[in-house]
Amino acid sequence: MTDLTLNFPITSLFKSKVAEPSRLIETKKKGRYMRRMKKNFAALAVVAMVAAACGGGDDASDAPADEPAAEEEAAEEPAEEAGGAASEEDTAAAVEEAANEDTEAAAEELPTTLEGWQELWESQRAAIVATAAEEGWGLGDDGILVGPAGFTIDTNECPEDWNNDEGLDDGVITIGVTTATSGSLAAYGNIYTGLGAYFDWINDQGGIGGYTFEVDVKDDEYVATKTIEAWAEFFQSVKPLVGHTLGSPNTFSVQGEFNSQCVPQVMVSTGHQAWGDPENNPWTTGYQLSYASEALLWGAWIEANTEPGVVVAGLVMDNDFGLAYEQAFQDFADNSDHIESFEIVRHDPAAATLTNEVTTLAASNPDIFISMTAGNPCVLAIQEAARAGITETAQAYFTPSVCKSIAAYMAPAGDAADKWYIIGGGVKDTTDPKYADDLWISYANEKLAEYGGDPSISLQGEGFANRGLVWEQIFRIAAELEGGINRTNIMLAQRGFAQFTHPALLDGIVMNMNGNSDAYYIEGSDISQFDNANQTWVQQGGTIDLSGKSPNCAWVAGEGC
């Protein structure tokens, strides 16, 4: 295992708006009459309707529709959702329900011992394997892979020398990984220190299905061209059984190659909504809450907690990652009578400072500030928002889900991190003191340390306690399917992951996937606020459950889903 151990280091008042924002800001304003004409006339209680997750924004969709007759309003069908996130109605209802939920309410009865957890996971895996046998999942003699809910792959379209067992050599399974272990997103490399430690632990228990594991990590510095170079080498020489990528631009850069070569690109570390596309890119799976869902939840929170006329400022990383957020939130804002304008400043992903960008946004006197960035810029955005006075005047300020790590991002930001909100993706931070006595988190931290990791680094805990556990389940399911561990069974194990109770996720967050009908593992989230004095995320209300409600996203560059 490559050594990747790294050390890194609501108010009710409403404000006046400046007349002219800085010329560097891209401002999106709406015609209120046209928006009202586009709205569905069936009103929602408490939370206004939320716009579709992503979409092309073609001119025809912006034209006002004829107002329906009163007797026809009730029968009006909602517009088809663009994909990548739950519908307007479902999102609004889930946010409202979570806001009214008692966070101290009794949780679902869960195992109280590690043995109990193991028994639960075994029973959940067995149910998936039984379903596979009953429904006839598998690779047929005709070369067609059949899975759940219409999921199919024609392996006859794979390269002539394609081998379903490639990467299974001498009892060792090779997992290829590209991630940033240097540069501005280097902290994310810690995920693979944690994941590597998890597989070392599995190896010491005898491995899975007769195999032990080797995780081969290459540093791409979060530069897509380097990702392409690394995977050219992987495909030509190492030839791993499965591959894994971190970062939206990086994953996009090699997604086509993975799918044309019929190599599983599994549980990628990016929440771009495009990974929910099993029909066009069947070999690629995501893992975390989609950025489109996160953007809609920002909007739903804003409409539920502020007065109309809101100015929202967005600091956007200028690449596929940041633009996924921007487009989804822009679609929301374009259809909101609540938001007066959405001010945007984009920044270079490798920027060493964000002073100019945040100062420009501060000139718009925003009511809501949203950081749509990642890596070291997570810290810079928090610090610069404080220096520019945004956190003194804004009603709320959000950091993105990818910046939830306390050790990597919140603690280094210092006092400026206090009271920042997050749509947190439902994940427990393994360094958060409130989980010190959590059965699984405390045990995972002990094992992480035992296998050479550092439990004080949140992202190493993310790799071990969160992601590592799911990787294990996928391989164990594949080992029990007919033919054992191979590439197609890895895909069936993922696409048929009907339900998994994950102790590193918050109570109420469901993890599942179902063929072509449900392509997103995690669709729920918490809304939390950071308590800097106690270095902890404080959940606001209950968890938001949108499991199984996000349509697939057939992504088209420049247009969206």
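Count charges around ALA436 for me, please; just the other residues with Cβ under 13 Å from its Cβ, Lys/Arg as +1, Asp/Glu as -1. All intermediate terms of the calculation are to be shown ahead of the outcome.
On the way: positive: LYS428, LYS434; negative: ASP429, ASP432, ASP437, ASP438, GLU446.
With Lys, Arg at +1 and Asp, Glu at -1, the neighbours total -3.
Which residues does the label zone of ALA304 cover in segment 498-535, counting backbone N under 13 Å from a point 7 Å along Cα→Cβ?
From segment 498-535, the list is 525-528.
Given axes a ≥ b ≥ c from the Cα gyration tensor, I'd like to know whether segment 169-235 is rounded (a/c under 1.5), prolate (a/b larger than b/c) or oblate.
oblate
Taking the dipole about the Cα centre of segment 401-464, with the C-beta of Lys and Arg at +1 and of Asp and Glu at -1, give me whichever of GLY452, ALA407, SER442 is farthest to the positive side.
Final value for the positive-end residue is ALA407.
For a footprinting-style exposure proxy, rank HIS244, HIS502 by other Cβ within 10 Å, fewest first.
Ranking HIS244, HIS502 by Cβ neighbours within 10 Å, fewest first, gives HIS502, HIS244.
Add +1 for every Lys or Arg and -1 for every Asp or Glu among the other residues with Cβ under 10 Å from the Cβ of ALA396, and state the total.
Details: positive: LYS419; negative: ASP367.
Local charge sum for ALA396: 0.
Count the DSSP beta bridges whose two residues both fall in segment 135-223, then state the antiparallel fraction as a percent rounded to the nearest 5.
On the way: 8 of 16 bridges.
Roughly 50 percent of the beta bridges in segment 135-223 run antiparallel, per DSSP.
Residue by residue through segment 83-97, which ³J(HN,Hα) values in whole Hz follow from phi under the Karplus form 6.51 cos²θ - 1.76 cosθ + 1.60 (θ = phi - 60°), with glycine and proline marked x?
Ordered by residue, 3J(HN,Hα) equals x, x, 7, 5, 5, 4, 5, 5, 5, 4, 5, 5, 5, 4, 5 Hz.
Which semi-axes, in whole Å and largest first, does the equivalent ellipsoid of segment 360-437 have when worked out from the alpha carbon gyration tensor as the square roots of 5 times its eigenvalues? Walk me through the numbers before you get to the answer.
Values: eigenvalues 108, 28, 25 Å².
After diagonalising the Cα gyration tensor, the semi-axes are 23, 12, 11 Å.
For segment 385-476, compute Rg over Rh where Rg is the Cα radius of gyration and Rh is the Kirkwood radius from the inverse mean 1/r over Cα pairs.
Result for segment 385-476 is an Rg/Rh of 1.06.
When a/c reaches 1.5 or more, the comparison of a/b and b/c decides; with that in mind, is segment 448-561 rounded, prolate or oblate per its Cα gyration tensor?
In terms of gyration-tensor shape, oblate.
If amide hydrogens are placed 1.01 Å from N in the peptide plane, which non-local residues have theirs closer than 5 Å to the one on VAL242?
Distant-sequence amide H within range of VAL242: GLY176.
Quick check on segment 488-537: take the gyration tensor over C-alpha atoms, sort the square-rooted eigenvalues as a ≥ b ≥ c, and tell me if it's rounded (a/c under 1.5), prolate or oblate.
Numbers: a/c = 3.51, a/b = 2.91, b/c = 1.21.
Because a/c hits 1.5 or more and a/b exceeds b/c, segment 488-537 counts as prolate.
GLU446 label point, 7 Å along Cα→Cβ, cut-off 16 Å on backbone N: hits in segment 463-480?
Within reach of a label on GLU446: 465.
Bear in mind that the values in this text are calculations on the coordinates, not laboratory data. Keep in mind that this is a model prediction, so the values were computed, not measured. Cβ sites come from the backbone with ideal geometry, for glycine too, and all protein chains shown count toward neighbours.
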